[in-house]
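One structure is given below, encoded as structure tokens.
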Amino acid sequence: MNFVEELRWRGMLHDIMPGTEELLNKGMASGYIGFDPTADSLHVGHLTQIMTLIHFQRAGHKPYALVGGATGMVGDPSGKSAERNLLSEDVLQHNLESVKTQLQKFLDFNTGANSAQMVNNYDWFKNFTFLDFIRDVGKHITVNYMMAKDSVKKRLEGDTGMSFTEFTYQLVQGYDFYYLWKNNNCVLQMGGSDQWGNIVTGTEFIRRKDGGEAFALTTQLIKKADGTKFGKTESGAVWLDPARTTPYQFYQFWLNTTDVDAKAYIRIFTLFERDVIEALEAEHEVAPHTRTLQKALAKDITIRVHSEADYEKAIKSSEFLFGSTGIEFLNELNDEEVLGLFGGVPNFTVSKSELADGITAADLLAGKTAVFPSKTEAKKTIQGGGVSINRNKIGTADDVYNTSHLINSKFLVAQKGKKNYFLIIAE
RNA sequence: GGGGGGAUACCAGAGCGGUCAAAUGGGACGGACUGUAAAUCCGUUGCUUCGGCUACGAAGGUUCGAAUCCUUCUCCCCCCA
């Protein structure tokens, strides 16, 4: 398998330094991608980079996943219009551990010569003094060169300015590349297209300091066909951590992909071979309403990020919530089964005795639970016909609900819009 | 150091003494249509016990009345040195 060719047909390749492909075709090479621990979980936006590393390893090369214990302390200005707040060290440490654990799931760390390896740039930066850094690193790169970078230029032209700290980021990342090149024979750094500048600072530094040669490859920034940002939902980013985004929500996110995007995503986020993908597309073309692509996409990613069992559960929940099964179906289930079915759905608990006295819809959804952030908003949405309880549209915000509405004398199923379900448990 | 401009809701951006909870656009959310798609159209977009309450960078002041005028402060941008 030819790594670059693979990225190319999948539409993932953005930019590649001349000579990179030739080098990789010569035999096993080492390459890396860095992940800064800005949160304690990766999100779907990171998935492209993860896939790139996976392809890299599958093509017989040795992938390094770098976690940015050091770079995370500085803050990458790329793509950011304003200075960011620094994270405290203990938050960073916590994030680092979480991100490491997540990354470990995707690569093979025990496959002989091209086993994946995890490195943390804090290890080589922690004892690097400021004076040593400006003498050994800063001296080789001119400020003129650094200012010409897009990430810097934009901030200098903009009206928010940029701190020296963020300005330095590219040198810190550049040194990472040098370090891995020198000590681990790592000749290629990969990343999203916004990383091109930072990566090239690295290859430039390697050239100027040691006269060495290193390469760069970037992948397309994933965008939706309508130009909006990929990986966001109503409730924010879509995380890989099941505690932040449940497997059901994760599955739903992919299932809701538009037709146009699904064609691109199936290539980027799954490992299906070309003919398999083309067959799926053909099938989708004939009967788009069955959403073949979305289902295949959602299934594959959910299984790889979570598990087969999580996928099965997500499917069961989805089939019930969006299928033709009536709400009465719940009567046939015991409490455990109901909770399982709604496992991925946000749930709230209300006191049964309070419910016995009757609670208005507005109070129930905005006071006793957090389906809505305020009663006003709950009322407005109810007025607009956007809220249901037990699949029945709520007429007015003053409608009263009591224990007689409970399913299995325990549950209420609330819906905000068509797609957002909430389980209210009375106990 | 000197001079000038600015800070308004999620964002952009009007308003420049009352009729302003604040135009307009975007975004977001909801509805109709549909395939849990796209496009389109429609509605909502500070909180509320529906009496009001809190809001236009912060704090004071003038006024019957301030987002709008005055004072001080904070922050940002531009030009000159």
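A few comments on the model shown:
- Taking the criterion of being under 12 Å from A:ILE424 (Cβ atoms) and touching a helix residue (DSSP H, G or I) at 6+ places or on another chain (Cβ under 6 Å), the residues of segment A:367-400 that qualify are A:VAL371, A:ASN390.
- Cβ-Cβ under 8 Å pairs, at least 6 apart or on other chains, segment A:416-427 side at pLDDT below 95, far side of a type in the set (Asp, Glu) and not in a strand (DSSP E or B): A:ASN420/A:GLU234
- When we screen A:THR142, A:THR168, A:THR218 for residues that are among the polar types (S, T, N, Q) and more than 29 Å from the chain's Cα centre (by Cα), the only hit is A:THR142.
- Inside segment A:406-427, residues that are under 16 Å from A:GLU354 (Cβ atoms), under 36 Å from the mean Cα position of the chain (by Cα) and among the polar types (S, T, N, Q) make up a count of 0.
- Hey, A:THR270 more than 9 Å from RNA strand B (Cβ to nearest atom) and touching a strand residue (DSSP E or B) at 6+ places or on another chain (Cβ under 8 Å) or not: no
- Qualifying residue in segment A:240-250 (condition: within 27 Å of A:SER151 (Cβ to Cβ) and either surrounded by 18 or more Cβ atoms within 10 Å (Cβ to Cβ) or within 15 Å of the chain's Cα centre (by Cα) (or both)): yes
- Taking the criterion of being assigned to a loop (DSSP other than H, G, I, E, B), within 11 Å of RNA strand B (Cβ to nearest atom), surrounded by fewer than 19 Cβ atoms within 10 Å (Cβ to Cβ) and over 32 Å from the mean Cα position of the chain (by Cα), the residues of segment A:351-405 that qualify are A:GLY384, A:GLY385, A:ASP398.
- Some residue of segment A:152-163 being open to solvent by less than 60 Å² (accessible area, probe 1.4 Å), closer than 16 Å to A:ASP36 by Cβ and within 26 Å of the chain's Cα centre (by Cα): no
- Reported count of residues in segment A:273-285, each being open to solvent by 90 Å² or more (accessible area, probe 1.4 Å) and within 11 Å of RNA strand B (Cβ to nearest atom), is 1.
- Selected residue (criterion: modelled with the lowest pLDDT) from residues of segment A:155-164 that are farther than 15 Å from A:ASN198 by Cβ and of a type outside the set (Phe, Trp, Tyr): A:ASP159
- Within segment A:293-326, the set of residues being open to solvent by less than 40 Å² (accessible area, probe 1.4 Å) and modelled with pLDDT under 90 comprises A:GLY323, A:GLY326.
- Selection status of A:GLY191, open to solvent by less than 40 Å² (accessible area, probe 1.4 Å), away from RNA strand B (no atom under 16 Å from the Cβ) and part of a strand (DSSP E or B): yes
- Within segment A:228-244, if we keep just the residues that are part of a strand (DSSP E or B) and in contact (Cβ under 8 Å) with a residue 24 or more places away in the chain, the residue that is nearest to A:ASN420 (Cα to Cα) turns out to be A:ALA237.
- Checking each residue of segment A:25-36 against the condition of being crowded, with 18+ Cβ neighbours inside 10 Å, part of a helix (DSSP H, G or I), touching a residue at least 60 places away in the same chain (Cβ under 8 Å) and within 21 Å of the chain's Cα centre (by Cα) gives no match.
- Failed item in (1) touching a residue at least 40 places away in the same chain (Cβ under 8 Å); (2) surrounded by fewer than 20 Cβ atoms within 10 Å (Cβ to Cβ); (3) not charged (D, E, K, R), with A:PHE269 passing the rest: (2)
- Qualifying residues in segment A:316-326 (those that are of a type in the set (S, T, N, Q) and under 30 Å from the mean Cα position of the chain (by Cα)) - the one farthest from RNA strand B (Cβ to nearest atom): A:SER317
- All helices (runs of 4 or more DSSP H) inside segment A:45-110 with 2 or more residues being at pLDDT 90 or above: A:47-58, A:89-104
- Residue within segment A:121-143 that is in contact (Cβ under 8 Å) with a residue 40 or more places away in the chain, within 21 Å of A:PRO37 (Cβ to Cβ) and among the basic types (Lys, Arg) present: yes
- Helices (runs of 4 or more DSSP H) lying entirely in segment A:257-342 (those with 3 or more residues that are closer than 17 Å to A:PHE422 by Cα, out of contact with any Pro (no Cβ under 7 Å at 6 or more places or on another chain) and of a type in the set (A, V, I, L, M, F, W, C)): A:308-322, A:335-341
- Selected residue [surrounded by 19 or more Cβ atoms within 10 Å (Cβ to Cβ), within 16 Å of RNA strand B (Cβ to nearest atom) and either modelled with pLDDT under 90 or aromatic (Phe, Trp, Tyr) (or both)] from A:PHE329, A:PHE342: A:PHE342
- Answer residue from segment A:194-239, given it is of a type in the set (Phe, Trp, Tyr) and farther than 20 Å from A:TYR169 by Cα and is least open to solvent (accessible area, probe 1.4 Å) among those: A:PHE230
- Segment A:406-417, subset among the polar types (S, T, N, Q) and more than 10 Å from RNA strand B (Cβ to nearest atom), residue surrounded by the most Cβ atoms within 10 Å (Cβ to Cβ): A:ASN408
The values are calculated or read from the model by the stated rules, or taken from the named source; none is laboratory data. Bear in mind that the values here come from a model prediction, so they are computed numbers and not experimental data. When we count neighbours, we look across all protein chains shown, and the Cβ atoms used for this are built from the backbone with ideal geometry, even at glycine. Surface accessibility is based on the protein's heavy atoms, side chains included, excluding ligands, DNA and RNA. Shrake-Rupley method; radii C 1.70, N 1.55, O 1.52, S 1.80 Å.
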